[in-house]
Amino acid sequence: MQPHPVKVFGSGMRRLEALLYRDRHDAGVLHAAVGVVTGVAAGAALGSTSAATYLAVAGRALNGAATDVGAALVTGDLELARSLLPALVGRDPDGLDEKEIARAAVESVAENTVDAVVGPALWAAAAGAPGALGYRAVNTLDAMVGSRCARYRRYGWASARVDDAAGYLPARVTAGLVAVVRPRTAGVVLQAVRKDAHLHPSPNAGVAEAAFAGALGLRLGGANRYGGATELRPTLGSGRPPETSDIARAARLSRDVTLALAGVLLLAGTRGGDR
C-alpha cells in the first residue's frame with residue numbers, strides 16, 4: 001500500500017527540519033516557505049481539483065478516529081481510549097479520565113472540521129488543486145511545528161501565523177454552517193462565538209469550538225497538558241461538560257456541516273456554470 005501523500009509530505013518536512021532547525025524566526029520562515037511552495041506545486045502538478053480535494057479533505061478519517069475513541073470509552077477501556085487519542089489531538093493523554101477524554105475528542109472534532117474539511121474544500125473552490133494542497137500543507141506544518149512549546153516558539157512562529165491566516169475565513173464559515181444545520185440552537189451558537197471565541201489562544205479553533213459548544217449544549221475548555229506543560233484554556237459555551245455520548249453527537253454535527261458545505265459549493269458551481 002502506498003503511503004498517503006500527507007504522510008509523505010510530513011516525513012519530508014521532518015527531514016527538512018533536521019537540516020534547518022535553529023531557535024530563530026528566520027529558520028522557521030524558510031521552513032514554512034518551502035512547505036507552502038511544495039504543497040502549491042504539488043497541486044499544480046496534479047492538475048485536478050477533484051483529486052486534490054479528495055487528498056486534502058479528511059472528514060471520514062476525522063470521524064473514524066473520534067468514533068474509535070468513543071467506542072473505547074463505551075466499553076470502559078480507558079487505556080485504549082488514551083492510546084487512540086493522539087490520532088485526534090496533540091495534548092498528553094496520560095492520566096485523562098473519561099470526561100477529559102470526551103472533552104478532548106469533542107474539541108478536536110470541532111477544530112478539525114475546519115482544518116480537515118471546510119478549509120481544504122473552500123481553498124479548492126477558490127484556487128483549485130494548488131489551493132487545496134497548499135492549504136493542507138499549511139495545516140500540516142502548523143500541526144508539526146506550530147505549537148508554543150520551547151522548541152517551536154520561534155521556529156514554528158511563521159507556520160502558525162500562516163495557518164491562522166489561511167483558516168480565518170473557513171473557521172467562520174464553519175460556525176455559520178453549524179448554525180444552519182442546527183437551526184434550533186442558532187442563537188446560542190452565535191452568542192457563544194461572539195462572547196467566548198476571542199478568549200481562545202487560537203483565532204480559529206476558538207470560533208469552531210465555541211460554535212460546537214453552543215450547538216451541542218456543552219461547556220468546553222479547561223486544563224490541557226502539552227509536552228509536560230499545562231495550559232488553562234478558557235470556557236467556551238455555557239452548557240454541561242462533555243460526556244462519552246457527546247463524541248458521537250459532535251461527529252454527526254461535523255458530518256452535517258460537511259454535507260451542508262457540499263450542497264453550498266455544488267449550488268454555487270451550478271449557478272456559475274449557467275452564466
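Annotations for the structure displayed:
- For the chain, the relative contact order comes to 22 percent (Cα pairs under 8 Å, sequence separation of at least 6).
- One equal scatterer on each Cα of the stretch 217-271, no solvent, Debye formula: the resulting log10 I(q)/I(0) at q = 0.23, 0.28, 0.30 Å⁻¹ is -0.91, -1.03, -1.07.
- Net charge, residue 167 excluded, C-beta distance under 9 Å - Lys, Arg +1, Asp, Glu -1: -4
- Across all directions, the average projected area of the convex hull around the alpha carbons of the stretch 5-273 is 13.8 nm².
- Exposure proxy order (Cβ contacts within 10 Å, fewest to most) of 147, 83: 83, 147
- Stretchable slack from residue 79 to residue 50, in nm (0.36 nm times residue separation minus alpha-carbon distance): 6.5 nm
- Whole-angstrom gap from the stretch 217-272 to the stretch 60-129, using each part's C-alpha centre: 10 Å
- Legend: ranking of residues 135, 155 from fewest to most surrounding C-beta atoms inside 10 Å; resulting order 155, 135.
- Charge sum, other residues only, whose C-beta stays under 11 Å from residue 154's C-beta, Lys/Arg counted +1 and Asp/Glu -1: +3
- Amide proton proximity set for residue 236, modelled H, under 5 Å, gap of 5+: 220, 221
- Kirkwood Rh and Cα Rg combined as Rg over Rh, evaluated for the stretch 116-275: 1.00
- Cα-based shape type of the stretch 1-154, given that a ≥ b ≥ c are square roots of the gyration tensor eigenvalues and the cut on a/c is 1.5: oblate
- For 54, 152, the sequence from fewest to most other C-beta atoms within 10 Å is 54, 152.
Computed from the coordinates by the stated procedures, all read-outs in this text should not be read as laboratory data. Everything numeric here is computed off the predicted structure, so don't read it as measured data. FYI the Cβ positions are ideal-geometry reconstructions off the backbone, even for glycines, and counts take in every protein chain you see.
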